[in-house]
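Each remark here refers to the structure printed beneath this line.
The values are calculated or read from the model by the stated rules, or taken from the named source; none is laboratory data. Nothing here was measured: the structure is a model prediction, and the numbers come from that model. No Cβ is skipped: glycine too gets one built from the backbone with ideal geometry, and neighbour counts run over all protein chains shown. Remember, those area values only see protein heavy atoms, side chains included, never the ligands or the DNA or RNA. Shrake-Rupley method; radii C 1.70, N 1.55, O 1.52, S 1.80 Å.
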Amino acid sequence: MVQSPTRPEAQAGREALPAAARERYRPYGFLRDEMGAALASADVVVGRASSSSIAEPLAFVPELNVLVQG
């Protein structure tokens with residue numbers, strides 16, 4: 001798997017987590033071919049409200065959309 005560079009604040013956030021949580025948290029800059037596996041293995045997906053963000057997870061997992069007005 002090719003790993004894209006992550007934003008420094010995402011890595012800093014990972015390092016601030018307790019050790020047990022840090023082992024499970026893996027920030028990525030972008031997922032390409034790995035997107036399907038990531039969605040299929042996720043318990044929760046939080047994304048922005050765009051057509052691809054809504055449609056893409058449906059190919060891999062059941063989806064519940066919660067609309068929040070910001």
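Just how large is the dipole of the chain about the Cα centre, in debye to the nearest 20, putting +1 at every Lys and Arg Cβ and -1 at every Asp and Glu Cβ?
Values: 7 positive and 8 negative charges, 36 e Å.
Approximately 180 debye in magnitude.
Tally up the carbon and sulfur contribution to the accessible surface of the chain as a whole percent, 1.4 Å probe, everything protein left in place. Working shown, then result.
Values: 3420 of 6010 Å².
The computed percentage sits at 57.
Over the chain, with a single point scatterer placed on each C-alpha, what log10 of the ratio I(q)/I(0) does the Debye formula yield at q = 0.11, 0.12, 0.16, 0.17 1/Å?
Scattering profile of the chain, log10 relative to I(0): -0.34, -0.40, -0.71, -0.80.
For a quick protection proxy, order the peptides 14-26, 51-63 by their average other-Cβ count within 10 Å, most packed first. Kindly include the intermediate steps, with their values, before the conclusion.
On the way: 14-26: 9.9, 51-63: 12.1.
Listed from highest to lowest mean packing, they are 51-63, 14-26.
Which residue, 54, 37, 68, has the largest displacement toward the positive end of the dipole of segment 25-70 when charges sit on each Cβ (Lys, Arg +1; Asp, Glu -1)?
Farthest along the dipole direction, towards plus: 68.
May I ask you to give the solvent-accessible area per residue for the chain, in square angstrom, as obtained with a 1.4 angstrom probe?
86 Å²
Which ³J(HN,Hα) values, rounded to whole Hz and listed in residue order, are derived for segment 7-21 from phi using the Karplus coefficients 6.51, -1.76 and 1.60 in 6.51 cos²θ - 1.76 cosθ + 1.60 with θ = phi - 60°, glycine and proline given as x?
5, x, 5, 5, 5, 5, x, 4, 5, 7, 6, x, 3, 5, 6
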